Amino acid sequence: MTDALEVPKLKLNNGKMMPAIALGTYLGFGQNGTIKSQNKKLRNVVMRAIDIGYRHFDTAFIYETEEEIGEAIRMKIDEGVVKRDDIFVTTKLWNTHHKREQVPLVLKQTLDIMGLNYVDLYLMHWPIGLNEDYTFSNVDFMETWRGMEDAQRLGLTKAIGVSNFNAEQLKRVIEEGSIKPAAIQIEIHPQITQADLIEYARSEGIVVMGYSPFGSLVMRFGMQFPGPKMDDPVLVEIARKYNKTTAQVILRWQVDRNVVPVPKTVNYERLKENIDIFDFKLEQQEIDKINQYDSHVRYTFPTFWQTHPYYPFEKVDNPLSDPFIGRKVNSFSNTKS
Ligand SMILES: NC(=O)c1ccc[n+]([C@@H]2O[C@H](COP(=O)([O-])OP(=O)(O)OC[C@H]3O[C@@H](n4cnc5c(N)ncnc54)[C@H](OP(=O)(O)O)[C@@H]3O)[C@@H](O)[C@H]2O)c1
């Protein structure tokens, strides 16, 4: 496609290149569980995304979107628009598959579902292992990591990494594993800037992917949460200066912090808007201004797992009364995640 935007790439520690923005494909959670794509809507979005320049797609076993992403990629390869090499697929191992021997098997299952021979990055979705019935399993995430390493050695994935690990957990993987993680995916937006974890990962040559990049700027779970919105005067002023939208400024803020943002949209206009961020650059003082919104708010905050030995986040006093979502954690000083 001649009108496709060229997306820069970051080098991973396995020598492969990761496109600097990924399209998120988690469709959310509704009354009947995980929301599924209807009438191949997501497949069509991914095909359109490839046409306009997206080369990186983020999915997970638990999102139930792997199949349509695989189908879209295969159709675009068949059309001659891209080659498999041009596309970067990130997917994730679910918590109920943490036993070492399960890991290559479920990744093979994922590859069958996607109709692909390999993925580019396989992430351990959480350090938390669960049994089939969602009771806590006692599988050590280092056992799971050995399974991730097996999967890479078998050629099922080009690289492996982790998601929702805190700094100590990441350190343990680095120290005790045989293959160093290539990437870590964590929640990053103006209300949770993750400066320490980003710096630690950078010092170890590990690329950081930032999920839920819009934070409070968009509705979550059908609700508005406190925090900056699209019409925030500080963000609007920066956006006006570059003739961009607030959403584009927030994504560029991530890129300028060497974070690969993972914005999700199924809207064709916003698909274009979100990738059109590589022709400007924020000044350091603008980055600093956005960093000031940090109040350590997470929207992915599964406190119902907080008694698990490998729960990665700050704990709250009364988890059952705490919603899964969007809480401000006051004890910032002991919240190194
Ligand atoms: N590793 C993990 O545990 C984890 C956890 C959460 C998410 N993720 C990944 O990160 C991806 C993104 O996270 P997310 O979906 O939570 O949050 P997000 O990308 O920050 O927000 C998505 C929401 O923003 C809207 N939106 C997108 N672009 C917009 C724009 N330019 N202007 C205004 N609204 C816009 C979308 O609506 P429309 O679709 O209608 O545009 C959608 O409602 C997920 O899809 C998933 O791939 C990973």
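The values are calculated or read from the model by the stated rules, or taken from the named source; none is laboratory data. Note that the structure is a prediction, hence the values are computed from the model and not measured. As a convention, Cβ positions derive from the backbone with ideal geometry for all residues, glycine included, and neighbour counts pool all protein chains shown.
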(message) Take Q152 and tell me if it is away from the ligand (no atom under 12 Å from the Cβ), outside any loop (DSSP other than H, G, I, E, B), of a type in the set (S, T, N, Q) and more than 23 Å from T300 (Cβ to Cβ).
(response) yes
(request) Within region 117-127, identify whether any single residue is assigned to a strand (DSSP E or B), closer than 24 Å to S178 by Cβ and out of contact with any Ser or Thr (no Cβ under 9 Å at 6 or more places or on another chain), and answer yes or no. (result) no
(message) Looking only at residues that are away from the ligand (no atom under 11 Å from the Cβ) and charged (D, E, K, R) in region 173-190, which one is surrounded by the most Cβ atoms within 10 Å (Cβ to Cβ)?
(response) K180
(request) Run down Q102, Q38 and say which single residue is surrounded by fewer than 23 Cβ atoms within 10 Å (Cβ to Cβ) and either at pLDDT 95 or above or aromatic (F, W, Y) (or both). (result) Q102
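Would you confirm, using the coordinates I've provided, whether V260 is touching a strand residue (DSSP E or B) at 6+ places or on another chain (Cβ under 8 Å) and either assigned to a helix (DSSP H, G or I) or within 30 Å of K171 (Cβ to Cβ) (or both)? Quick ask: steps written out before the conclusion?
On the way: touching a strand residue (DSSP E or B) at 6+ places or on another chain (Cβ under 8 Å): yes; either assigned to a helix (DSSP H, G or I) or within 30 Å of K171 (Cβ to Cβ) (or both): yes.
Yes, satisfied.
Just wondering, is there one or more residues in region 208-226 that are in a strand (DSSP E or B) and more than 10 Å from the ligand (Cβ to nearest atom)?
Filtering region 208-226 for residues in a strand (DSSP E or B) gives 208-211, 220, 223.
From the residues that got through so far, the ones that are more than 10 Å from the ligand (Cβ to nearest atom) too are 208, 223.
Looking for residues that are in a strand (DSSP E or B) and more than 10 Å from the ligand (Cβ to nearest atom), one finds at least one in region 208-226, hence yes.
Which one is farthest from the ligand (Cβ to nearest atom), of the residues in region 39-62 that are closer than 18 Å to V255 by Cβ and free of Cβ contacts under 8 Å to residues at least 60 places away in the same chain?
R55
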(message) So, Y299, is that one within 11 Å of the ligand (Cβ to nearest atom) and surrounded by fewer than 15 Cβ atoms within 10 Å (Cβ to Cβ) or not?
(response) no
(message) Anything in region 263-291 that is more than 9 Å from the ligand (Cβ to nearest atom) and in a loop (DSSP other than H, G, I, E, B)? List them, or say none.
(response) D276, I277, F278, D279, F280, K281, L282, E283
(request) Give the residues of region 8-38 that are within 16 Å of the ligand (Cβ to nearest atom) and part of a loop (DSSP other than H, G, I, E, B), sorted by residue number. (result) A20, I21, A22, T25, Y26, L27, G28, I35, K36, S37, Q38
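Out of all the residues in region 238-251, which are in contact with a helix residue (DSSP H, G or I) (Cβ under 9 Å, 6 or more places away or on another chain) and away from the ligand (no atom under 11 Å from the Cβ)? Talk me through it step by step, then tell me what you get.
To start, the set of residues in region 238-251 that are in contact with a helix residue (DSSP H, G or I) (Cβ under 9 Å, 6 or more places away or on another chain) comprises 238-239, 241-242, 244-251.
Correct list: I238, A239, K241, Y242.
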